[in-house]
1. If you check E74, E91, E67, E57, which single one turns out to be at pLDDT 90 or above and in contact with a Lys or Arg (Cβ under 6 Å, 6 or more places away or on another chain)?
2. Under 7 Å between Cβ atoms, which residue pairs at least 6 apart in sequence (or on different chains) link something in segment 133-158 that is closer than 28 Å to L86 by Cα with a partner that is among the acidic types (D, E)?
3. Among the residues in segment 51-59, are any farther than 16 Å from N122 by Cβ, part of a loop (DSSP other than H, G, I, E, B) and open to solvent by less than 60 Å² (accessible area, probe 1.4 Å)?
4. Filter segment 113-158 down to the residues that are aliphatic (A, V, I, L, M) and in a loop (DSSP other than H, G, I, E, B), then identify the one that is nearest to D54 (Cα to Cα).
5. Closer than 18 Å to K129 by Cα and touching a helix residue (DSSP H, G or I) at 6+ places or on another chain (Cβ under 6 Å): which single residue out of V76, V80, V85 fits that description?
Amino acid sequence: MAMIPSFFGNSRSSSIFDPFSVFDVSDPFRGFPFPSSSSLISGENSAFVNARVDWKETPEAHVFKAELPGLKKEEVKVEVEDDRVLQISGERSVEKEDKNDKWHRVERSSGKFMRRFRLPENAKMDQVKASMENGILTVSVPKEEVKKPEVKSIQISG
């Protein structure tokens, strides 16, 4: 399995995107997987770059939306690990080739892709839900309610 680059200059050698890690503000894009000329040849790297994911936090949940055009839900896996890691992976198949076909351009990527996200402490990992519609995978991770500290008034004697 290929090592996924650390994002935002994460100092730990990890394959998990951790948005809560400190990043180098002088170069906020250091470590991003922008395609180089050599990675455009590699189908796995190209597919990885094209698995774009948005992550937003609402008052009720963490919501992930992944662009996976042309994939069926059976070709995508959503998994959670014990240490609060959400993993989205799958594979884009190569189109079947006919001996009589003459290709002029191949721009659509194929190969395996994987994205991993470390979720914060308030994520309810046992209640994750996923759905897919029109090539958009939506994963919702509910959040625990933040309990306000109970304030108890103490009588002062004397």
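1. Being at pLDDT 90 or above and in contact with a Lys or Arg (Cβ under 6 Å, 6 or more places away or on another chain) holds for just one of E74, E91, E67, E57, which is E67.
2. G135/E67; I136/E67; P142/E60; K143/E60
3. Yes, because at least one residue in segment 51-59 is farther than 16 Å from N122 by Cβ, part of a loop (DSSP other than H, G, I, E, B) and open to solvent by less than 60 Å² (accessible area, probe 1.4 Å).
4. L119
5. Testing whether each residue is closer than 18 Å to K129 by Cα and touching a helix residue (DSSP H, G or I) at 6+ places or on another chain (Cβ under 6 Å) leaves just V80.
Listed here are the residues, each with its yes/no results for (1) open to solvent by less than 80 Å² (accessible area, probe 1.4 Å); (2) under 20 Å from T58 (Cα atoms); (3) within 25 Å of the chain's Cα centre (by Cα).
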residue	(1), (2), (3)
D83	yes, no, yes
K112	no, no, yes
A123	yes, yes, yes
A130	yes, yes, yes
I154	no, no, no
G158	no, no, no
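The values are calculated or read from the model by the stated rules, or taken from the named source; none is laboratory data. The structure presented is a predicted model; accordingly, all values stated were derived computationally and were not measured. Positions of Cβ are backbone-derived with ideal geometry, glycine not excepted, and every protein chain shown enters the neighbour counts. Only protein heavy atoms, including side chains, enter the accessible area calculation; ligands, DNA and RNA are left aside. Shrake-Rupley method; radii C 1.70, N 1.55, O 1.52, S 1.80 Å.
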